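Below is one structure, written out as structure tokens; comments come after it.
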Amino acid sequence: MNAVVTAQRLPVISLQDVSFSYEGGIEALKRVSLRVAKGEKVAVVGGNGSGKTTLAKHLNGLLKPSSGKVLIGGQDSSRTSVATLARTVGYVFQNPDYQLFCTSVEEEVRFGPHSMGLGRDDESALVERSMKLMGIGHLREQSPISLSLGDRRKVAIASVLATSPEVFVLDEPTTGLDTVESAQLMATLDVLRSEGMTVVLITHEMRLVAQHMDRVIAMSEGSVAFDTEVEEAFSDSDRLRRCKLLAPPITVLAQRLRAQGALSKGAATPLQLVEQVVRVRGERR
Amino acid sequence: MRAFELTKTRVRYRGSDILALCDVSVGVDEGEIVLLLGSNNAGKSTFCRLLNGLVPHSIPAQVDGAVEVLGRDVSKTSVARLATLVGMVFQEPESQLFCMSVEEEVAFGPENIAIPRAEIISRVEWALGVVGLSGYNARPPSNLSGGEKQRLAIAAALSMRPRLLVLDEPAYALDPAGRTDLYALLRTLRERYGMTIIIAERDAEELTELCDRVILLRSGRVVADGAPSEVLSRIDEMVVAGVSPPQIAHLSALLADRFPGKTRPFFTMGGAEKEIADLVRTSGGDAP
Amino acid sequence: MTRFNDLYSEADTFLHRLDPRVKMASVLMLSLLAFIMSSLAYLLVLLTFIFILLLLARSSYRKTAFAMKFVLRFMALIAILWPLFDPSGTPVLIRLGPVVITEPGIWRGLTSAIRVGCLATVWYILIFTTSQRDLVRGLVKLGLRFDFGLALAIALRYFPAFGTVMDSIIDAQRSRGMEFEKGNIFARARKYVAVLGPAIVSALKTADMLALAMQSRAYGARRNRTYLRELRMRLSDYVALATVLAMFVVPAVAKYVLSVPI
């Protein structure tokens, strides 16, 4: 998907010239402008302290811009409460332990839709669907804090999912997860995306970005360093290094092979690269 | 000399009916960098904590079989005594840096074993220099960046002059640049000080070139143990163990499957580039 | 925001360089002095002296203002309320129903206000010029057990971190649509459970890891440990201590031995 085309579609979130300073004067965002369209899968990447979490907290109004404007589903975030914005944007914190407080998984997942007053029938349907999507139905009676990190994170995600937001912001949801757990989580995000949900993923995991995301917004020192479709994002390794990032080996390899004319397209996974090789060999024959 | 030797080691935590480690027999020589690879709950942390005696001395557990670290029987040696031989770095910097200044953090260990003050000062300066934090002495640890915090945690272990350094998921809170710095530091520690280094991680991607050896754990058992190029190309075993194979090694295996007899295994980016270029150039004659 | 735990600022003043033990002893003696003296004039002299010290501490305007705002408000409150509740003595200045205000009442109010001003300011000076680590180090050197000192240091170290955790938890709950301002007292209490519960869980986890990290660095290996930083009294420390001691002892002797009314 072309980033320019994307920007022309109806934006769910739009930031216009947003700057933000924490008390004490540290400027964490410097004149950031961007739009996220409905149905996009956007990765926000950058080194520690690059401003990506500060940016993310503007996406649901937890932080209000010091200057500039944030529009969330058409509402000005500076004039709307977080509780209202939460109906449009769901935000999953990096540490699930900051969120879980109920005595059972089901109660935990029910909490969000209940406090938004969505009505009993809708509520139950949403709770069931979220638990099913995250694969935690069998844990419904258990106490969230007794679960493994992977399961705790699933509960935290389900509990936000149950509020049925249009945009889903996840702050480093794969930290501490192993391969199997990350793959499950990313597959779930793909499902949500196919249902029309907009996904914003903040992450250090470049392999997941290459495989699952359409667009990459790279933050560096509070500014947007680049905002491109995913393949282009990994094309410039110097630029990535300046943003304290590292392209996944397969992406780098595919680009090198393309540069010497051995392949015609990029690849995000080993399997994709093999398919490329198969195709090129077929064409040459 | 052996840095450590586990012989048929079994660990069962008190109150648990699952074996956290099961019949693990592993010997590591001094000067090796070993990657302990496994998914969550594979037993990596238990393995690490055995090496400095936290298991079973601080975390109650039933340990069968022998655990010997630098010639000492861990079951008969206190954690405090082992602390001078084994440096331990945990995953989260926030909960292992508890002092009010960088220098106190680094001095904490030597102070505890009553090293004379002049010696502590020189150790602090040395350790901060090694990790690249010279001049940070008076800064509060909480004000450091994630990468700096983790290097401080390493300095705090180094000031005990350990011969074995154990790092339990040290890259957990780091960004890619921070991870690169960390691994460069570990390489320096081995090359310059001959230190033995054990790194427990869930992911081998950025560690393929740093390690001399990889131990793959699954549900508390060692399922593979050998050179990285050997262990990390056993794709199926890694997948079963819940660990993602390094992309280049994975690619090598996939190509070997798809084009049997036409490619040689490769392990590095350069090797992959050459092999695939050759494969594309020699096209023709494939079975459809 | 200025918080109580970051009032200290790094600087190289005479007060910063003083041994923390001398500073603690001095603060204690000056506080006692404020209690001993009952003459408004002498208390004003003491307050002036303490304010000069405050200027010498070279704390930032922001931090000084934050601290002194409390002190001055408290002083004003005492000066105003004291005469209302202490109607003893004559002459009576105002009689308004049950409210009786006398001239000695007003003087006593002023005296107490200045006494409290001396007391609070002198402790603020200690906090402005002494890092938490020096405070703890001083306490340990004065005989506090090392374990207790370490526990105190850790509590001070993690206090701001705990605040950050609480903020994150509140943010996480607000992101799920929780509105802390809404509802009756029971609904609100339940909302605070949603914050305290996770906060306690996370604090316990940190404490657990902390214990492992400390043991891994030989905590408790020997009874007599050594210290990287030893406190050593210098000439200036002795001079300062002697000066404050004289300031304390002379009025104390004058008042209690020689019965001079000060």
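For the range B:42-52, does any single residue satisfy the condition of being in contact with an Asp or Glu (Cβ under 6 Å, 6 or more places away or on another chain), crowded, with 18+ Cβ neighbours inside 10 Å, touching a residue at least 24 places away in the same chain (Cβ under 8 Å) and in the same structural domain as B:E191 (by TED's automatic domain parsing)? Yes, that holds for at least one residue.
Does any residue in the range C:183-202 that is more than 16 Å from A:R152 (Cα to Cα) come within less than 9 Å, Cβ to Cβ, of a residue that is loosely packed, with under 12 Cβ neighbours inside 10 Å and of a type in the set (D, E) six or more places away or on a different chain, and which pairs are these? What qualifies is C:R188/C:E181. Does B:A107 satisfy the criteria of being at the interface with chain C (Cβ under 10 Å from one of its Cβ atoms), within 22 Å of C:L212 (Cα to Cα), modelled with pLDDT of 95 or more and buried (at least 19 other Cβ atoms within 10 Å of the Cβ)? Yes; evaluated as a whole, the condition is true for this residue.
One line per residue, one yes/no per condition, for (1) within 14 Å of another protein chain (Cβ to nearest Cβ); (2) under 15 Å from the mean Cα position of the chain (by Cα):
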position	(1), (2)
B:A3	no, yes
B:L6	no, no
B:V11	no, no
B:C22	no, no
B:N41	yes, no
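Residue check: A:K265 meets all listed conditions (1) closer than 23 Å to B:D257 by Cα; (2) of a type in the set (D, E, K, R); (3) part of a helix (DSSP H, G or I) but one, namely (3). Only one of the numbered conditions (1) within 29 Å of C:S9 (Cα to Cα); (2) modelled with pLDDT of 90 or more is not met by C:Y158, and that is (2). Yes or no: the range B:84-103 includes at least one residue that is within 30 Å of A:E181 (Cα to Cα) and in contact with a Cys (Cβ under 8 Å, 6 or more places away or on another chain). Within the range B:84-103 (the criterion being within 30 Å of A:E181 (Cα to Cα) and in contact with a Cys (Cβ under 8 Å, 6 or more places away or on another chain)), the answer is yes, since at least one residue qualifies. In the set (1) surrounded by fewer than 19 Cβ atoms within 10 Å (Cβ to Cβ); (2) outside any loop (DSSP other than H, G, I, E, B); (3) modelled with pLDDT under 95, the condition left unmet by B:I276 is number (1).
Taken together, C:Y227, C:Y256 contain a single residue that is more than 14 Å from chain B (Cβ to nearest Cβ) and of a type in the set (S, T, Y), which is C:Y256.
Each row is one residue, and each column tells you yes or no for (1) in the same structural domain as B:I33 (by TED's automatic domain parsing); (2) more than 10 Å from the chain's Cα centre (by Cα); (3) under 19 Å from B:A3 (Cβ atoms).
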{"site": "B:D168", "(1), (2), (3)": "yes, no, yes"}
{"site": "B:G178", "(1), (2), (3)": "yes, yes, no"}
{"site": "B:L186", "(1), (2), (3)": "yes, no, yes"}
{"site": "B:L189", "(1), (2), (3)": "yes, yes, yes"}
{"site": "B:Y193", "(1), (2), (3)": "yes, yes, yes"}
{"site": "B:E205", "(1), (2), (3)": "yes, yes, no"}
{"site": "B:L210", "(1), (2), (3)": "yes, yes, yes"}
{"site": "B:R218", "(1), (2), (3)": "yes, yes, no"}
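Being in contact with a Cys (Cβ under 9 Å, 6 or more places away or on another chain), more than 27 Å from A:L147 (Cα to Cα) and either more than 7 Å from chain C (Cβ to nearest Cβ) or surrounded by fewer than 22 Cβ atoms within 10 Å (Cβ to Cβ) (or both) holds for only one residue in B:I33, B:I121, B:I113, and it is B:I33. Would you check if C:L47 is away from chain B (no Cβ under 14 Å) and either part of a strand (DSSP E or B) or within 15 Å of C:F128 (Cα to Cα) (or both)? Taking the combined requirement at face value, the residue does not satisfy it. State yes or no: is A:V169 within 10 Å of another protein chain (Cβ to nearest Cβ), out of contact with any Lys or Arg (no Cβ under 6 Å at 6 or more places or on another chain), of a type in the set (V, I, T) and surrounded by fewer than 20 Cβ atoms within 10 Å (Cβ to Cβ)? In short, no. Does B:E201 fit the bill of being over 12 Å from the mean Cα position of the chain (by Cα), within 14 Å of chain A (Cβ to nearest Cβ) and in contact (Cβ under 8 Å) with a residue 40 or more places away in the chain? The answer is no for B:E201. Restricted to the range B:227-273, and to residues there that are among the polar types (S, T, N, Q) and not in a helix (DSSP H, G or I), the residue that is surrounded by the fewest Cβ atoms within 10 Å (Cβ to Cβ) is B:T268. Applying the condition of being outside any loop (DSSP other than H, G, I, E, B) and modelled with pLDDT under 95 to the range B:151-181 and asking which residue is farthest from the other protein chains (Cβ to nearest Cβ) yields B:D181. The set of residues from the range A:125-135 being surrounded by 13 or more Cβ atoms within 10 Å (Cβ to Cβ) and in a helix (DSSP H, G or I) comprises A:A125, A:L126, A:V127, A:E128, A:R129, A:S130, A:M131, A:L133.
For the structure I just gave you, tell me whether C:V244 is under 32 Å from the mean Cα position of the chain (by Cα), over 30 Å from A:S148 (Cβ atoms) and surrounded by 18 or more Cβ atoms within 10 Å (Cβ to Cβ). The answer is yes for C:V244. The single residue among C:Y192, C:Y219 that is among the hydroxyl-bearing types (S, T, Y) and at pLDDT below 90 turns out to be C:Y192.
Within the range C:9-44, the residues that satisfy the criterion of being free of Cβ contacts under 8 Å to residues at least 12 places away in the same chain and outside any loop (DSSP other than H, G, I, E, B) are C:L28, C:A41.
Has the range C:205-214 got at least one residue that is closer than 30 Å to A:S148 by Cα and touching a Gly at 6+ places or on another chain (Cβ under 9 Å)? Yes: one or more hits.
So which of A:L273, A:L263 ends up being over 19 Å from A:T179 (Cα atoms) and within 7 Å of another protein chain (Cβ to nearest Cβ)? Step by step, each of A:L273, A:L263 is checked, and only A:L273 is over 19 Å from A:T179 (Cα atoms) and within 7 Å of another protein chain (Cβ to nearest Cβ).
Only a single item in (1) away from chain A (no Cβ under 12 Å); (2) over 26 Å from the mean Cα position of the chain (by Cα); (3) of a type outside the set (S, T, N, Q) is not met by B:K274, and it is number (1). The one condition from (1) at pLDDT 90 or above; (2) away from chain B (no Cβ under 14 Å); (3) more than 30 Å from C:S26 (Cα to Cα) that C:L235 does not meet is (3). Among the residues of the range C:158-217, those that are more than 7 Å from every other protein chain (Cβ to nearest Cβ) and either in a loop (DSSP other than H, G, I, E, B) or of a type in the set (D, E) (or both) comprise C:D167, C:F180, C:E181, C:K182, C:G183, C:N184, C:D208.
When the range A:59-96 is filtered for residues that are farther than 15 Å from C:G177 by Cα and buried (at least 24 other Cβ atoms within 10 Å of the Cβ), the ones remaining, listed by number, are A:V70, A:I72, A:P96. The strands (runs of 3 or more DSSP E) falling completely within the range A:10-124 that include 2 or more residues that are at pLDDT 90 or above and within 14 Å of chain C (Cβ to nearest Cβ) map to A:89-92.
The values are calculated or read from the model by the stated rules, or taken from the named source; none is laboratory data. As the structure is a prediction and not an experimental result, all values here were calculated from the model. Virtual Cβ from ideal backbone geometry, glycine too; neighbours counted across all protein chains shown.
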